[in-house]
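Written out below as structure tokens is the structure these notes cover.
Derivation of every value follows stated rules applied to the coordinates shown; laboratory data play no part. Given the structure is predicted, the values throughout are model-derived calculations rather than measurements. No Cβ is skipped: glycine too gets one built from the backbone with ideal geometry, and neighbour counts run over all protein chains shown.
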Amino acid sequence: MYINDYIIGGSSDWRRIGPLLLRCAELNMLESIERMARHILSNLMYAPLLFDSAEELFIAGKKEAAAAIYEIVAEAERYQHSERLALCQFRLFTISLSDDQNRNLWAANRFETFVERLDEVDQLDALKELANTYRSLQRWDKVEEYAAKMGHKARIQYDLKVRDERRASEPVKLPGRPLFFYIAYSHLLRGNVCDELGDYEGALGYIKSYADLSWVREQGDEVERWESLFMEWSKANIILTKLLGGDSTVIDQYSAYLNAHQEERITGLLYMLKAANKYNFNIDDTLQQFKQDLEKSVIDLVQIRYSRKLVLDRHANLLLELAKYLLDRGEYDSGLEFLTKSVQQYQLINDEKHKILGVFTNIFKHSASSTG
């Protein structure tokens, strides 16, 4: 009644509307938020105020309420080609990411055209999110494209920051992470693409690029933390790339690394199984060593360092590679068990593979029962 009588039927007074929007967000009254926002946006002068309210809600973790406002502001400004429109789309992209890979693909495709309209600083985080999303979708052409753009833009910004002492002394907008991170992370992602495409020499070249961070002039605890992580990752990825290239002598070395780094085990075991299946390596001892990790629930897995969507995708791939490994060794009962689990996991993330694998699983079960 208050909204009808004093907002829609009265004057558009921001002193009433602003606090009421925040209160509606606390009560999760999304329909009321949408009604007020649509009403006052008949006058575009309210767009900045609504956007600021959405940002406040976004920071406070009220993502659904923030998304409702971002959608309306974006709709009102769809012909403005403004930075605010692009930032609305960036927020909507990050909010909409979920376990559903089809939805994530749709969200990424929708957002792509807005990246270049963002502030040059926001572009770095936007490109990182796009690259990570396509990485979980195994769209390696897109990962390469956005990782390359991120690295190029970050290098320009980094060089400007280092060379311009006056600019460094003034308050400036900063990205979510140190600038060098985006350069090094670009190399890491592009090395990952090379590994996936079988270009192991190219992968080693990129690894060397983020292993040597002696050029970094940024300072602080966060800078040191990321430098340490990139150096750690480079050492592990050199071993992994050799393994993927067919070098079986590094199996024990990589197993020791996974033993010391629990957060890397799902990804590491996935790639070990890929190498084992490709080159017919025997990694029975390693699988026995990490048996508990292979049997962990998805809920346990998503608590580690990587994003939820990437972990779920890699876990599904891990189960499939493990099924292949066991079936090739004649362990049909265990192989079929993990094949069934992989189908369930692909279905959870709405990956089309679950349909093909489901048919194959049913055929395999029927064949096994007929010959059993």
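With r defined as the distance between the Cβ atoms of ASN28 and SER228 and R0 fixed at 25 Å, what FRET efficiency is calculated, to the nearest 0.05? Mind showing how you got there, number by number?
Values: r = 41 Å, r/R0 = 1.64.
Approximately 0.05, to the nearest 0.05.
Among GLN344, GLN138, GLN219, which one shows the biggest mean-square fluctuation in a GNM of the chain, springs joining Cα atoms closer than 10 Å?
Maximum fluctuation in the GNM of the chain, among the listed residues, is at GLN219.
Name the residue, out of SER209, SER32, SER248, whose mean-square fluctuation peaks in a Gaussian network model built on the chain with Cα pairs under 10 Å.
SER32
Can you compute the FRET efficiency between HIS152 and ARG110 using 1/(1 + (r/R0)^6), with r the Cβ-Cβ distance and R0 = 22 Å? Round to the nearest 0.05.
Working: r = 24 Å, r/R0 = 1.07.
In this case the efficiency is close to 0.40.
Extension gain ASP164-ASN102, at 0.36 nm per residue separation less the Cα-Cα distance, in nm?
On the way: separation 62, 0.36 × 62 = 22.32 nm, distance 4.40 nm.
So the extension gain works out to 17.9 nm.
Please compute P(r) over all alpha-carbon pairs of region 117-272, binned at 5 Å starting from zero, and give each bin as a whole-number percent.
Per 5 Å bin, starting at zero, the Cα-Cα P(r) for region 117-272 comes out as 2, 9, 17, 20, 21, 14, 9, 5, 3, 1, 0 percent.
Work through the residues other than GLY335 whose Cβ is under 9 Å from its Cβ and net out their charges, Lys, Arg +1 and Asp, Glu -1.
Details: positive: LYS324, ARG329; negative: ASP328, GLU331, ASP333, GLU337.
With Lys, Arg at +1 and Asp, Glu at -1, the net is -2.
Based on Cα coordinates alone, diagonalise the gyration tensor for region 1-96, multiply each eigenvalue by 5, take square roots, and list the semi-axes in whole Å, largest first. Don't skip to the end; give the middle numbers.
Numbers: eigenvalues 85, 51, 19 Å².
Its equivalent ellipsoid spans semi-axes of 21, 16, 10 Å.
So what is the calculated 222 nm ellipticity per residue for the chain, using -39500 (n - 2.57) for each DSSP H run with n of 4 or more, over all residues, to the nearest 500 deg cm²/dmol?
-23500 deg cm²/dmol
Of all trypsin sites (Lys or Arg not before Pro) in region 25-95, which ones are in loop regions per DSSP and have a Cβ with at most 14 other Cβ atoms within 10 Å?
Within region 25-95, the qualifying trypsin sites (Lys or Arg not before Pro) (loop, at most 14 other Cβ atoms within 10 Å) are ARG78.
Tell me, Kirkwood radius of the chain from alpha-carbon pair distances, in Å? Let's see the in-between values first.
Values: mean 1/r = 0.0426 Å⁻¹.
Hydrodynamic radius (Kirkwood, Cα only) of the chain equals 23.5 Å.
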